[in-house]
Amino acid sequence: MSAQETVTEIQAGQPLYAATLALLTLLLLRQTDWIWSSLYFQHHAASEITLAFGLLVVFVIVCVALLRRGLGQATTIKFINVGIALLLTFIGFNYLKQLELIPMQSNALQKTLAVASAIIASLLTLKISIDTWKRLYLAGIVGGMIFIFFPVVLAHTNASTVYWPSPSDQPPTVAAPNMPSQNTIVLLLDELSASAAGPVVKQLQAAGLHVTVKNINPAGKNTINVIPAIWMRTNFDQSVACGPTQICSTSKVLDFSKVKASSENIDIVGFYHRYCSIQGLRSCSFSPFPIKSAGIELACSFPGVNELDFWNCEASESDRKTFLALRDGMSKTLMEAPFWQKGGILFAHLQVPHPLMGIPLKTLSVEYADNIKEGASIVGLVAQRAKSVFGDNFRIIVFSDHPLRPEIWCADKTYVTLKCKPDSSQISNQVPLIIANMNGKAPLKIENNIAVFDLLYQFDSK
């Protein structure tokens, strides 16, 4: 083949190359939420995400090559154009959801409208000339890359330096005053209703501690909303992961890598949020939330794939043994923190009494009651250990992010097969604030869990 023939062949294939690259860019754009969520919640390492998309690129290229060989370049480009139209339609609808212009939970009419829009957009692709498509490919590639990377750059740039803990009567961006010397254990028991906190109180009393209880309001409905609200002391109801360490709610950003610990004697044990990115902690332990393998999760996140039975996308994300191992591992780590040798502050966000994932063995009500007992048992062990190590010079603060959410669990396929009506004593609109110590002094001028860490500035050692 002469050089001229080679150049002619390359030029003839350029629209196909550009169309394929545009399609890959939109596929990547379609998965940006998955990418940032995977990195933020540490479901997958960057190398795993890169591998998953590398395999996706190979798959798309092979499919395009086979289509070109079997149907010719012109028909292959038409197939790609239809795919681009479908992706743009779904991306557009997801974007409207994020802007709250349509509900996050789409009804039948909205789903029908989305499908109709996708079909119309696909038909319109057949009316567009190849010259116009060349410009659209370029726009899709450039615009797609901007939409993929610009938000995370903007989120990191807009995020302020936050000092934690700091009193709620000052902005979190202002350096906190010195905290009094103390030995304080702060336990966040995930999804503990105020009305169901009795077993926790009894364990603390059984350890010989004076216990004060107050019901307070949660700063949001879900963990993803409440934790950033507590750190930033503002509403975070639209929270989404928007970077490896960033979580955003409309124009507000919390970047855990820009959070500075207000003291050098703080240990954290947690899961879900990026606590260990906080600067200046004495120690930190993070437990990743178990999920499916990267490949299955990535495949199931694409439009239409979750309808294919062979992927088993509707199956539970992980078995219960994995979540029990996570819960038990965090309890063990809690007891191994440097706090027990050096004192200071120990904050632990524990996965109890949060309902377990996987196929349930019990009704939600019975399981929740069992999980509360498990959480109370952990609190009891902490209390006994604190007495043996610190005598009467310590306190334990127990609170929760949000109460039990039956509207979520009873709508989920995980529990719908069993009776899913929690006991009335488990339902509440509030969460508990429990303070246990040896001297009986417990300031409780707190109405919302957004101000819980104010208590770290109110410690009387005797």
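The values are calculated or read from the model by the stated rules, or taken from the named source; none is laboratory data. All of these numbers come straight from a predicted model, not from anything done at the bench. Neighbour counts are summed over all protein chains in view; Cβ atoms, including those assigned to glycine, are modelled from backbone coordinates with ideal geometry. The accessibility values were calculated without ligands, DNA or RNA, using every heavy atom of the protein model including side chains. Shrake-Rupley method; radii C 1.70, N 1.55, O 1.52, S 1.80 Å.
Which one is farthest from A348 (Cα to Cα), of the residues in segment 218-257 that are of a type in the set (A, V, I, L, M, F, W, C) and in a loop (DSSP other than H, G, I, E, B)? Ranking the candidates gives C242 first. In the set (1) touching an Asp or Glu at 6+ places or on another chain (Cβ under 8 Å); (2) modelled with pLDDT of 85 or more, the condition left unmet by W34 is number (2). Taking the listed residues S425, S388, S400, the one that is over 24 Å from K221 (Cβ atoms) and hydroxyl-bearing (S, T, Y) is S388, with no other qualifying. Between V82, V57, the distinction of being open to solvent by less than 60 Å² (accessible area, probe 1.4 Å), of a type in the set (V, I, T) and at pLDDT below 85 belongs to V82 only. Which of the residues spanning segment 346-383 are open to solvent by 40 Å² or more (accessible area, probe 1.4 Å) and touching a Cys at 6+ places or on another chain (Cβ under 6 Å)? If the condition is that a residue be open to solvent by 40 Å² or more (accessible area, probe 1.4 Å) and touching a Cys at 6+ places or on another chain (Cβ under 6 Å), then no residue fits.
The condition of being within 22 Å of P406 (Cα to Cα) and either in contact (Cβ under 8 Å) with a residue 40 or more places away in the chain or over 26 Å from the mean Cα position of the chain (by Cα) (or both) holds for only one of Q182, Q238, Q246, that being Q238. When R327, R320 are checked against the criterion of being open to solvent by 20 Å² or more (accessible area, probe 1.4 Å), within 18 Å of Y415 (Cα to Cα), at pLDDT below 90 and within 23 Å of the chain's Cα centre (by Cα), a single residue qualifies: R320. Find all pairs meeting these conditions: Cβ atoms under 7 angstrom apart; at least six residues apart or on different chains; first residue within segment 204-216 and open to solvent by less than 50 Å² (accessible area, probe 1.4 Å); second residue among the acidic types (D, E). Cβ pairs passing all conditions: I216/E447.
Remark: L334 falls outside the filter, which requires a residue to be open to solvent by less than 30 Å² (accessible area, probe 1.4 Å), modelled with pLDDT of 50 or more and either among the charged types (D, E, K, R) or over 24 Å from T184 (Cα atoms) (or both). Residues of segment 384-441 that are closer than 16 Å to G343 by Cα and either open to solvent by 40 Å² or more (accessible area, probe 1.4 Å) or in a helix (DSSP H, G or I) (or both): Q384, R385, A386, K387, S388, V389, F390, D392, N393. Here T112 fulfils each of the conditions (1) exposed (fewer than 12 other Cβ atoms within 10 Å of the Cβ); (2) of a type in the set (S, T, N, Q); (3) modelled with pLDDT under 65 apart from (3).
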